[in-house]
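The values are calculated or read from the model by the stated rules, or taken from the named source; none is laboratory data. Just so it is clear, the model here is predicted, and its values are computed rather than measured. In this analysis, Cβ positions are derived from the backbone assuming ideal geometry, glycine residues included, and neighbour counts consider all displayed protein chains. Note: accessible area is taken over every heavy atom of the protein model, side chains too, but ligands, DNA and RNA are not part of it. Shrake-Rupley method; radii C 1.70, N 1.55, O 1.52, S 1.80 Å.
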Amino acid sequence: MTVTDDCTQRYPETGISVLIVGAGVAGLMAALECWRNGHDVRIVERSPEEVTTGDSFTIGPSATRAFKHWPKLAEENEKIAFVPHLAFYTLSGHRVTEPNHVEYRKDKGSKKVPGQITRHWRPQLHGMLLRQLYAIGISVEYGCRAVEYFEISHTGRAGIILANSERLEADVVIAADGLRSHSTKVTLGQEIRARPTGQALYRTAFPVEIAMNDPMVRERFPLVGEKEGPIEFWAGEHYHFLVIRTSDTMSWTLSHKDYESATESWSHQSDPEDVLKITSTIPDWPEVADRLIRLTPKDRLLHFRVMWRDPQPTWVSPAGRIVQIGDAAHTYIPASGNGATQGIEDAVSLATCLRMAGGTEQVPWALRIHNRLRFIRVSCLQKLGLINLKSYSEKPKKDNFTPKGLQYLTAEWIWGHEPETYAEENYYKVLDHLQRGTPFQDTNIPRGHVYRDWTIDEMLEIQERGEEIELDGEWE
Ligand SMILES: Cc1cc2nc3c(=O)[nH]c(=O)nc-3n(C[C@H](O)[C@H](O)[C@H](O)COP(=O)(O)OP(=O)(O)OC[C@H]3O[C@@H](n4cnc5c(N)ncnc54)[C@H](O)[C@@H]3O)c2cc1C
């Protein structure tokens, strides 16, 4: 192992060259972890420069634990992660439950002590990963939009073609280019079908000073701790309103029925006046919420259409040289609370599998092993997204109300997972499983769960019949 200036330990070089497409959360983490595991890294991104928009997401311990390999990153993460005090409200802004931290739960007999759920502002987390990447001498190449993926089986190489016709090649191409990745044309032979969930979100985050200019807003949304404010979840049958405030950022989200005006895009801008037209139809909607909406800068307001995609078991190309991670491999609806966490887990698992491969020849097996180690876990969490979405429509009740979905998401099989150790311990077992058909039992999923293929349509039909989606095994 080599120890760098900031005390990160790097494994010996493997000689494997990795080309990462997309510098989002999964791509940046893959760049860091691939470098730490001894691979040679290049990363390209279609945006002309670093993107600083986005609001917040939850990142679980199974992902943040990986930061401990990067002392400076771990230190910075402590500063930017915030512990929300969650409270439920009615749509008229009346509090139903007291603000409370949400604790991760542990299995009976478990020795690990779970902490509290933390959230991150996406721009801050993204900036933190980017700074660490620069610190080890890797720069993101901006303005590089991949329009096609290819692999050449006889040379054991793969690559992309950029919009300017330039051709880039490597031993492995990691498609971390998020929603609608072109890589599915190689891995699946087609694009993945996306269907509207019927829900859209107006969502924003902007500097808190802008919101604090209004005295009514300032008084209504104070800080609770040193840097944390409350997460107010206003729940109603047709709408949800979420307000999050910290010492530096103000954010709100309004979910409503999708009338086809929204797009599934992280760059589509919107007008606060359109939101006010909706809130004017909600009975007893309070003035303070409209004031907050009116203060929102137009260039910070997204109108995001929430889409379903069926789980895709194949993330690896036929010759085993292209692999998808993060949203390119598996999309999550926001209610699943797992998009960023699973993208980071993917990055750690994949970089470890490539190290275990030991050299370029074994790369195809490393990618297939990574895919097999991760797919069932990821699809279980996609299924929980469906259950959560339904449970968030429950009317909040007094006294410690926690929607069923949130209870599932704090289970130990989710937060207790360690993707690096898991890949190290199971690499050869899965190799045997794939090559010789020896049985392999996943241990990063609910205990006792037996995976069967499922589709969104099947799950929605079950819910439409008024039945519960069956969760065999110990999901809680
Ligand atoms: C600007 C932005 C803001 C977001 N804000 C939020 C948020 O507030 N809350 C939330 O829950 N999730 C948000 N997300 C999504 C969230 O980051 C992901 O769901 C999750 O972190 C998994 O990350 P990912 O790296 O797989 O995908 P992403 O974070 O979406 O990253 C994909 C990256 O690939 C790049 N890319 C796409 N196509 C190409 C191409 N053809 N060639 C090269 N590069 C390409 C994109 O520009 C992007 O940087 C946001 C994503 C983006 C891009």
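The number of residues in the range 70-94 being touching a residue at least 40 places away in the same chain (Cβ under 8 Å) and not in a loop (DSSP other than H, G, I, E, B) comes to 12. Screening Leu91 with (1) exposed (fewer than 15 other Cβ atoms within 10 Å of the Cβ); (2) touching a strand residue (DSSP E or B) at 6+ places or on another chain (Cβ under 7 Å) gives one miss only, at (1).
Just to be sure, is Glu50 within 16 Å of the ligand (Cβ to nearest atom), among the charged types (D, E, K, R), open to solvent by less than 80 Å² (accessible area, probe 1.4 Å) and part of a loop (DSSP other than H, G, I, E, B)? Answer is yes for this residue.
Cβ-Cβ contacts under 8 Å between residues 6 or more apart (or on different chains), taken from a first residue in the range 176-195 that is more than 21 Å from Glu45 (Cβ to Cβ) to a second residue that is more than 14 Å from the ligand (Cβ to nearest atom) and assigned to a helix (DSSP H, G or I), are listed as Arg195/Ile456. Taking the range 172-190 as the range and being part of a helix (DSSP H, G or I) and buried (at least 18 other Cβ atoms within 10 Å of the Cβ) as the test, the residues that pass are Thr184, Val186, Thr187. Residues that are within 17 Å of Lys185 (Cβ to Cβ) and part of a strand (DSSP E or B) within the range 153-167 comprise Ala158, Gly159, Ile160, Ile161, Leu162, Arg167, listed in sequence order. Part of a helix (DSSP H, G or I) and open to solvent by 80 Å² or more (accessible area, probe 1.4 Å): which single residue out of Glu420, Glu476, Glu425, Glu468 fits that description? Checking each option against the conditions leaves just Glu425.
Scanning the range 53-85 for residues that are open to solvent by 20 Å² or more (accessible area, probe 1.4 Å) and aromatic (Phe, Trp, Tyr) returns a single hit, Phe57.
Condition check ((1) more than 14 Å from the ligand (Cβ to nearest atom); (2) under 30 Å from Gly159 (Cα atoms)) across all residues:
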| position | (1), (2) |
| --- | --- |
| Ala289 | yes, no |
| Pro311 | yes, yes |
| Trp315 | no, yes |
| Asp346 | no, yes |
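Among the candidates Thr352, Thr331, Thr341, which residue alone is out of contact with any Lys or Arg (no Cβ under 8 Å at 6 or more places or on another chain), in contact (Cβ under 8 Å) with a residue 12 or more places away in the chain and within 9 Å of the ligand (Cβ to nearest atom)? Selected residue: Thr341, the only one of Thr352, Thr331, Thr341 that is out of contact with any Lys or Arg (no Cβ under 8 Å at 6 or more places or on another chain), in contact (Cβ under 8 Å) with a residue 12 or more places away in the chain and within 9 Å of the ligand (Cβ to nearest atom).
Examine the range 196-203 for a residue that is farther than 30 Å from Gly229 by Cα, away from the ligand (no atom under 14 Å from the Cβ) and either of a type in the set (Lys, Arg) or in contact with a helix residue (DSSP H, G or I) (Cβ under 6 Å, 6 or more places away or on another chain) (or both), and state whether such a residue exists. No, because not a single residue in the range 196-203 is farther than 30 Å from Gly229 by Cα, away from the ligand (no atom under 14 Å from the Cβ) and either of a type in the set (Lys, Arg) or in contact with a helix residue (DSSP H, G or I) (Cβ under 6 Å, 6 or more places away or on another chain) (or both).
Only one of the listed residues (Val25, Val102) is outside the structural domain of Leu179 (by TED's automatic domain parsing), under 24 Å from Ile414 (Cα atoms) and surrounded by 19 or more Cβ atoms within 10 Å (Cβ to Cβ). That residue is Val102. Given the criterion within 26 Å of the chain's Cα centre (by Cα), more than 10 Å from the ligand (Cβ to nearest atom) and assigned by TED's automatic domain parsing to the domain that holds Arg42, identify the matching residue among Gly159, Gly143. Only one candidate qualifies: Gly159. A residue that is basic (Lys, Arg) and more than 19 Å from Gly198 (Cα to Cα) cannot be found anywhere in the range 246-260. I need the full set of residues from the range 140-156 which are over 18 Å from Trp315 (Cβ atoms) and open to solvent by less than 70 Å² (accessible area, probe 1.4 Å), in order please. Selection gives Val140, Glu141, Tyr142, Gly143, Cys144, Val147, Ile152, Gly156. Can you find a residue that is at pLDDT 95 or above, within 16 Å of the ligand (Cβ to nearest atom) and in contact with a Cys (Cβ under 7 Å, 6 or more places away or on another chain) anywhere in the range 14-33? Yes, because at least one residue in the range 14-33 is at pLDDT 95 or above, within 16 Å of the ligand (Cβ to nearest atom) and in contact with a Cys (Cβ under 7 Å, 6 or more places away or on another chain). Note on the range 119-138: among residues that are farther than 23 Å from Trp266 by Cα and either touching a Ser or Thr at 6+ places or on another chain (Cβ under 7 Å) or without any contact (Cβ under 8 Å) to a residue 24 or more places away in the chain (or both), the one that is least open to solvent (accessible area, probe 1.4 Å) is Ile136. The strands (runs of 3 or more DSSP E) located wholly in the range 215-304 that include 3 or more residues which are open to solvent by less than 30 Å² (accessible area, probe 1.4 Å), on the phi < 0 side of the Ramachandran plot and at pLDDT 95 or above occupy 240-246, 249-257.
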